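Worksheet: the structure to be examined is printed underneath.
The values are calculated or read from the model by the stated rules, or taken from the named source; none is laboratory data. Note that this is a predicted model, so its numbers are computed, not measured. Cβ placement follows ideal geometry from the backbone for every residue including glycine, while neighbour counts extend to all protein chains displayed. Quick note on the areas: whole protein, heavy atoms, side chains included, nothing else; ligands and nucleic acids left out. Shrake-Rupley method; radii C 1.70, N 1.55, O 1.52, S 1.80 Å.
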Amino acid sequence: MEVAILGAGVAGLASAITLSQIGIKVRVFERRESVHKLGAGVVCWPNATFVLSELGILDELHTVARKITAMRRTTHNNVELGSLNVRQLDAAMGFPSLAVLREYLMRVLLQRAEECGIPITFNAHATAIERTGDGCHVLFADGTSVSPTLIIGADGRMNSKARQYITNDSRPVYQGFVNWIGIHRWDQPVFDRFEVRDYWGVGARFGVVPVSANTAYWAGGLAVPEPSITRNGTNIRQLKQTFDGWPAVVSEIVRSASNTNTKCLALFDHDPVPNWHRDNVLMIGDAAHAALPTSGQGVAQALEDAWFLAQEISASPSDLENAMANFTQKRLNKTARIVMGGRVFASNLFDTDAEACALRDRNAVETDYTKMALGMASAWSDGLPIGG
């Protein structure tokens, strides 16, 4: 069997590695010239670190990541709303929660792919997937094509050729808010505890995740009816105006934001669909089940896809149709719950009604965070050989 994977993000590289581990010949095609600096950072929750352990890179990741101990919620005027003990989550699932800059995560994945002898072609712009006889081939902008046994579309949420081929509609759904993201470094150590800080306002939210004593990645979100602000040169001014007067750590980050160190992204996801394959084309990762950042599970679900796909192909090596159908059946419900849960949480976080936000904050104070941690552990362990 020969497999071509479109996309060298987390889903694509992880799938290439897991398939290589079971003896399948894999090639990866990436439209960008590099994937080292996609995004700012990520928390690899325990279901993600389980898969990273299976890939043989968890120990390496520990050298560039920090173990998160808590998620602390605070209002924009510094009123504490509650804290989730991440140690309880980790204990229930049996693996650690690690915060890491995305550049470092990608570096570790690329190194493992190289060790597995997986060829990766960059600047490979797939233009279409077309049916040819018993299978399909991928056409590239330079006039070349490939016709493997299996085409895996790990080509993202915005312009997936695999999703277009499978569903005839690859248009994502704008969810009404934008995120500014970046990495901030202080001259002196400022973090003695590695806790996610989540600041809530009215129609706005700011998250800070430390990855070392003096470095954190961050995201500032704002409810915006139309995503055109991301193409507007005034968006940095809007960022500074939105978060002026927020807690000190937020204010310092925002003061240093510029067009050179900050990205402004409109947030899109996809409505869940029941079928992830057609002919010998399969979509995974964001192409199949793009979730909002508010789900906290984008990277974890991409990694889970890689693990489950290798399991199913290994179980049915001579029946690709059965393997793809079983893979989709095992992944569909969990990823749909996560996509829709991310939407619900985002609608609460970015509600522009002050009274609704005040009620949201009171509910946060009254939350049983131990019960919440155990509920997250149960939901995120679903289908995996981890947890209780």
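Brief remarks follow.
- Entry remark, segment 117-142: residues being closer than 19 Å to V281 by Cβ, of a type outside the set (A, V, I, L, M) and free of Cβ contacts under 8 Å to residues at least 40 places away in the same chain number 6 in total.
- Number of positions in segment 249-270 that are part of a helix (DSSP H, G or I) and open to solvent by 20 Å² or more (accessible area, probe 1.4 Å): 4
- Considered as a group, the residues in segment 131-157 that are of a type in the set (A, V, I, L, M, F, W, C) and part of a loop (DSSP other than H, G, I, E, B) include one that is most open to solvent (accessible area, probe 1.4 Å), and that residue is A141.
- Test for L109: is it in contact with a helix residue (DSSP H, G or I) (Cβ under 8 Å, 6 or more places away or on another chain), outside any strand (DSSP E or B), open to solvent by less than 30 Å² (accessible area, probe 1.4 Å) and hydrophobic (A, V, I, L, M, F, W, C): yes
- Being touching a Leu at 6+ places or on another chain (Cβ under 9 Å), in contact (Cβ under 8 Å) with a residue 12 or more places away in the chain and over 22 Å from I386 (Cα atoms) is not true of R66.
- Residue list for segment 209-258, restricted to those being at pLDDT 95 or above, within 21 Å of V344 (Cα to Cα) and not small (G, A, S): L222
- Note on segment 281-387: enclosed helices (runs of 4 or more DSSP H) holding 3 or more residues that are open to solvent by less than 20 Å² (accessible area, probe 1.4 Å) are 286-289, 298-315, 320-349, 369-381.
- Some residue of segment 115-130 being assigned to a helix (DSSP H, G or I) and either in contact with a Pro (Cβ under 8 Å, 6 or more places away or on another chain) or open to solvent by 40 Å² or more (accessible area, probe 1.4 Å) (or both): yes
- Filter result for T49 (polar (S, T, N, Q) and modelled with pLDDT under 95): no
- Meets criteria (closer than 21 Å to V26 by Cβ and β-branched (V, I, T)) for T69: no
- Tally of residues being assigned to a strand (DSSP E or B) and out of contact with any His (no Cβ under 9 Å at 6 or more places or on another chain) across segment 191-213: 9
- Given (1) open to solvent by less than 60 Å² (accessible area, probe 1.4 Å); (2) at pLDDT 95 or above, index of the condition R66 fails: (1)
- Scope segment 158-175; condition open to solvent by 20 Å² or more (accessible area, probe 1.4 Å), at pLDDT below 95 and over 17 Å from the mean Cα position of the chain (by Cα); matching residues: N168, D169, R171
- Contacts under 7 angstrom Cβ, first residue in segment 360-382 being of a type in the set (S, T, Y), partner part of a helix (DSSP H, G or I) and open to solvent by less than 30 Å² (accessible area, probe 1.4 Å), 6 or more apart: S381/N47; S381/M93
- Residues located in segment 187-199, provided they are in contact (Cβ under 8 Å) with a residue 40 or more places away in the chain and within 22 Å of G39 (Cβ to Cβ): F194, E195, V196, R197, D198, Y199
- Meets criteria (among the aliphatic types (A, V, I, L, M) and over 21 Å from N275 (Cα atoms)) for A354: yes
- Residues in segment 26-63 that are touching a residue at least 40 places away in the same chain (Cβ under 8 Å), surrounded by fewer than 17 Cβ atoms within 10 Å (Cβ to Cβ) and under 20 Å from A216 (Cα atoms): H36, K37, L38.
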